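Notes to accompany the following structure.
The values are calculated or read from the model by the stated rules, or taken from the named source; none is laboratory data. Quantities reported herein were computed from a predicted structural model and do not represent experimental measurements. Quick reminder, even Gly has a Cβ in these numbers, built from the backbone with ideal geometry, and neighbours come from all protein chains shown.
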Amino acid sequence: MKLPALQSYLQEHHIDLAILVHPDINITYFSQQKLSYGYLIITPKKAILYHTQLDTPPAIPHITKKLLKKNWEKALSPSHIKTIAINKESLTLSSFDRLKSLFPKAKVHDLSPYLKELRTTKTPKELLYLKKACDISTHALKQTLLELKKHTLKTEQDVALFIEKKIREQGGDIAFPTIIAMGANAATPHHATSLAPLKSGFLLFDFGASYNHYCADISRTIYLGTPSTQEHQLYTLLQQSQQDAINAISPHTLLTDLDKTARKTLGKYSKYFIHSLGHGLGLEIHESPSFLPKLTIQPNIPFTIEPGIYLKNRLGIRIEDTLYWDKKTHILTQFPKHLIIIH
């Protein structure tokens, strides 16, 4: 993924080599491999993936594989290296100290901002992986709702385990810890799924599959039992809030303006919407762009839209989709958003 772009950057900035250290996600980005441990060394003209005997990576285009052995760094002629580039945001202090000892004469250049920028806009292949992850997620949710109708799932944990099983059956992995929140538990947006029993009320799902390391993110809220008129109205308001934000998507629109649109629709309930409207995603479930001032909608940059209403000790509801814009809005998490009721 965009290895030539990084190599051009190194050449332009007169950097002898970039060194990425496990568990830096950018190793996965450039190699499309997840290692138990290793280094990715990139120079303006070549790239070497050093891995341990715990892994046997397949052939990787434009990257040479080498077994990580004692004194591996000597092949790099460290005494002749004048400038190295690192990802400061990922590197531990102990790893940094080791690199400084390996390359004592080298100046250090921080790659963090450039790597963020490079990964923000997705390639067609990355978008296909994201779409597949979203398709796996929505199919797993469909199967879980069918199972809920059979009354075989009794707790939050039962629901989480079932939905994760359906993800894995499709060849997916789990993008992040699945959140299943019953009733008042959902008033905490990042509730830790528990053994709380299912009962009458709103049941919130927040989960996602990953496919080829790319992460989907979807939230839906259903109702177990019979909702009151007020509960139905509250859900309808939230659904309209999300739709208004989606309708406001257009090229170069500020992401913060989408947030304002969602909150305006929520009206007096906007004070119960306690987090940002969304976030970027890709190899990581949270990555650039953030919904910060001056950031605008650009082609092929996926993000989520996920307004919520959280009433302490009562309930939490959230509707979330993964999407991107490219001449039109592409919603990747294609699953119904009307209030699904399971009696």
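If you check every pair at least six apart or on different chains, which have Cβ atoms under 8 Å apart with a residue in the range 324-343 that is on the phi < 0 side of the Ramachandran plot and among the polar types (S, T, N, Q) first and a residue that is surrounded by 17 or more Cβ atoms within 10 Å (Cβ to Cβ) and part of a loop (DSSP other than H, G, I, E, B) second?
THR329/ILE249; THR333/ALA216; THR333/ASP217
Can you tell me which residue among GLN239, GLN243 is of a type in the set (S, T, N, Q), in a helix (DSSP H, G or I) and closer than 25 Å to GLU147 by Cα?
GLN239
Kindly indicate which of ALA85, ALA106 is surrounded by 20 or more Cβ atoms within 10 Å (Cβ to Cβ) and closer than 16 Å to ILE25 by Cα.
Just one listed residue meets the conditions, ALA85.
Does LEU49 meet the test of being loosely packed, with under 11 Cβ neighbours inside 10 Å, touching a Phe, Trp or Tyr at 6+ places or on another chain (Cβ under 8 Å) and not β-branched (Val, Ile, Thr)?
It is false that LEU49 is loosely packed, with under 11 Cβ neighbours inside 10 Å, touching a Phe, Trp or Tyr at 6+ places or on another chain (Cβ under 8 Å) and not β-branched (Val, Ile, Thr).
Can you tell which of THR120, THR144 is within 18 Å of the chain's Cα centre (by Cα) and of a type in the set (Ser, Thr, Tyr)?
THR120
Among all residue pairs at least 6 apart or on different chains, which show Cβ distances below 7 Å where the first residue, located in the range 148-163, is more than 13 Å from LYS199 (Cα to Cα) and at pLDDT 95 or above and the second is polar (S, T, N, Q) and exposed (fewer than 15 other Cβ atoms within 10 Å of the Cβ)?
From residues that are more than 13 Å from LYS199 (Cα to Cα) and at pLDDT 95 or above, the pairs are GLN157/SER194.
Could you please find all residues in the range 282-306 being over 19 Å from PHE176 (Cα atoms) and not in a strand (DSSP E or B)?
Within the range 282-306, PHE291, LEU292, PRO293, LYS294, LEU295, ILE297, GLN298, PRO299, ASN300, ILE301 qualify.
Would you mind telling me which numbered condition in (1) surrounded by fewer than 17 Cβ atoms within 10 Å (Cβ to Cβ); (2) part of a loop (DSSP other than H, G, I, E, B); (3) in contact (Cβ under 8 Å) with a residue 12 or more places away in the chain; (4) not aliphatic (A, V, I, L, M) LYS66 fails?
(2)
Quick one: in the range 288-297, which of the residues that are over 17 Å from the mean Cα position of the chain (by Cα) and surrounded by 15 or more Cβ atoms within 10 Å (Cβ to Cβ) is farthest from HIS275 (Cα to Cα)?
My answer is ILE297.
Please determine, by comparing only the residues of the range 246-281 that are farther than 25 Å from PHE176 by Cα and among the small types (Gly, Ala, Ser), which one is surrounded by the most Cβ atoms within 10 Å (Cβ to Cβ).
Here the answer is ALA262.
Please specify each residue of the range 150-201 satisfying the condition of being within 14 Å of LEU315 (Cβ to Cβ) and part of a loop (DSSP other than H, G, I, E, B).
The answer is THR188, PRO189, HIS191, ALA196, LYS199, SER200.
Select, from ALA75, ALA59, ALA5, the only residue that is hydrophobic (A, V, I, L, M, F, W, C), farther than 22 Å from THR123 by Cβ and surrounded by fewer than 20 Cβ atoms within 10 Å (Cβ to Cβ).
The match here is ALA75.
Of the conditions (1) under 18 Å from the mean Cα position of the chain (by Cα); (2) closer than 30 Å to TRP72 by Cα; (3) among the aliphatic types (A, V, I, L, M), LEU93 clears all except one; give me its number.
(1) is the only condition that LEU93 fails.
Checking LYS34 against (1) surrounded by 12 or more Cβ atoms within 10 Å (Cβ to Cβ); (2) basic (Lys, Arg); (3) in a helix (DSSP H, G or I), which single condition isn't satisfied?
Condition (3) is where LYS34 drops out.
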